[in-house]
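Here's the structure we're looking at; comments come further down.
The values are calculated or read from the model by the stated rules, or taken from the named source; none is laboratory data. All figures in this text were calculated on a predicted structure; none of them were measured in a lab. With ideal geometry, Cβ positions are generated from the backbone for all residues, glycine too; neighbour counts draw on all protein chains shown.
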Amino acid sequence: MKIGIAVFPGSNCDRDVHHVLNNVVGVQADFIWHTKDRISGYDAMIVPGGFAFGDRLRAGIIAAHSPIVQEVKRMAKDGTPVLGICNGFQILVESGLLPGALMMNDSLRFVCRWTKVKVQNTNTPFTGQFAKKQEFDIPVAHGEGRYIADREILKELKRKNQIVLQYSNDDPNGSTDLIAAICNEQGNVMGMMPHPERASEGLISATGRNDAIAVFKSLASHLKEQQRVVA
């Protein structure tokens, strides 16, 4: 089992994700540079947080056209689990893998603090170890984290159960319907604005709990189950 971590000029949470997967969850994870135009042998991909290409033009737009994202799109189409975190969420939206848009926070300021989210969909590779409606603490750190969906997109997200996480009456950025994470219709691609890699060890948690690690443990469990089915 191997998980790839996309790395762009400006990524800064790639090493956090690498540490959590390899040293906490116990799953092999490798860095993959953004110019890689063929990816094979990986069971899942993670697009981490940071400031890819310095967020020039707008967050995620340049990275969305990089060779590795074209590969990620191919893998996603084939059913490979893909997780985008913060800047990774922005990249997935800009690449067309997820609907909607991510815009400047309604405060017009960079927000970096702990918040609480509620799990609305446990039928994804990233949320299978959570309970429905479970709430947990997790940090956010973003300037363009306000998820925007028009009436039609929001209607479809709700109808197809694509809203995965919502802020628990504590919206740090002004997102439509308190949305913190969404998935594609198939459920194998998820983008989330909060940072689970920053809340996966009790030692660095504001509450001493590490409930957010279930995002990565859910993925590992999903991949093991897939391997068992194939075998």
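For Val72, indicate whether it is among the β-branched types (Val, Ile, Thr), modelled with pLDDT of 95 or more and closer than 19 Å to Met190 by Cα. Against the criterion (among the β-branched types (Val, Ile, Thr), modelled with pLDDT of 95 or more and closer than 19 Å to Met190 by Cα), Val72 qualifies. With surrounded by fewer than 24 Cβ atoms within 10 Å (Cβ to Cβ), charged (D, E, K, R), closer than 26 Å to Asp78 by Cα and under 17 Å from the mean Cα position of the chain (by Cα) as the only criterion, which of Lys224, Lys217 stands out? Going through Lys224, Lys217 in turn, just one is surrounded by fewer than 24 Cβ atoms within 10 Å (Cβ to Cβ), charged (D, E, K, R), closer than 26 Å to Asp78 by Cα and under 17 Å from the mean Cα position of the chain (by Cα): Lys217. Total residues in the stretch 186-200 satisfying the condition of being in a loop (DSSP other than H, G, I, E, B) and surrounded by 21 or more Cβ atoms within 10 Å (Cβ to Cβ): the figure is 6. Residues of the stretch 159-214 that are of a type in the set (S, T, N, Q) and in contact with a Cys (Cβ under 8 Å, 6 or more places away or on another chain): Gln162 alone. Only a single item in (1) in a strand (DSSP E or B); (2) more than 30 Å from Arg74 (Cβ to Cβ) is not met by Asn173, and it is number (1). Of the candidates Val140, Val164, the single residue that is within 20 Å of Val93 (Cα to Cα) and in contact with a Lys or Arg (Cβ under 7 Å, 6 or more places away or on another chain) is Val140. Can you name every residue in the stretch 216-231 that is hydrophobic (A, V, I, L, M, F, W, C) and more than 26 Å from Ile138 (Cα to Cα)? Listed by number, the residues that qualify are Val229, Val230, Ala231.
Within the option set Ile62, Ile85, being within 15 Å of the chain's Cα centre (by Cα) and not charged (D, E, K, R) holds for one residue only, Ile85. The test for being out of contact with any strand residue (DSSP E or B) (no Cβ under 7 Å at 6 or more places or on another chain) and under 23 Å from Arg15 (Cβ atoms) holds for Gly143. Among the residues of the stretch 108-121, those identified as outside any strand (DSSP E or B) and over 21 Å from Gly88 (Cβ atoms) are Leu108, Arg109.
So that you can scan it fast, the table gives a plain yes or no per residue for (1) surrounded by 24 or more Cβ atoms within 10 Å (Cβ to Cβ); (2) closer than 30 Å to Asn23 by Cα; (3) under 16 Å from the mean Cα position of the chain (by Cα):
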position: Ile138; (1), (2), (3): yes, yes, yes
position: Arg151; (1), (2), (3): no, no, no
position: Lys158; (1), (2), (3): no, no, no
position: Asp171; (1), (2), (3): no, no, no
position: Asn184; (1), (2), (3): no, yes, yes
position: Gly202; (1), (2), (3): no, yes, no
position: Ile213; (1), (2), (3): no, yes, yes
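Scanning the stretch 95-107 turns up no residue that is touching a residue at least 40 places away in the same chain (Cβ under 8 Å) and either in a helix (DSSP H, G or I) or in contact with a Cys (Cβ under 7 Å, 6 or more places away or on another chain) (or both).
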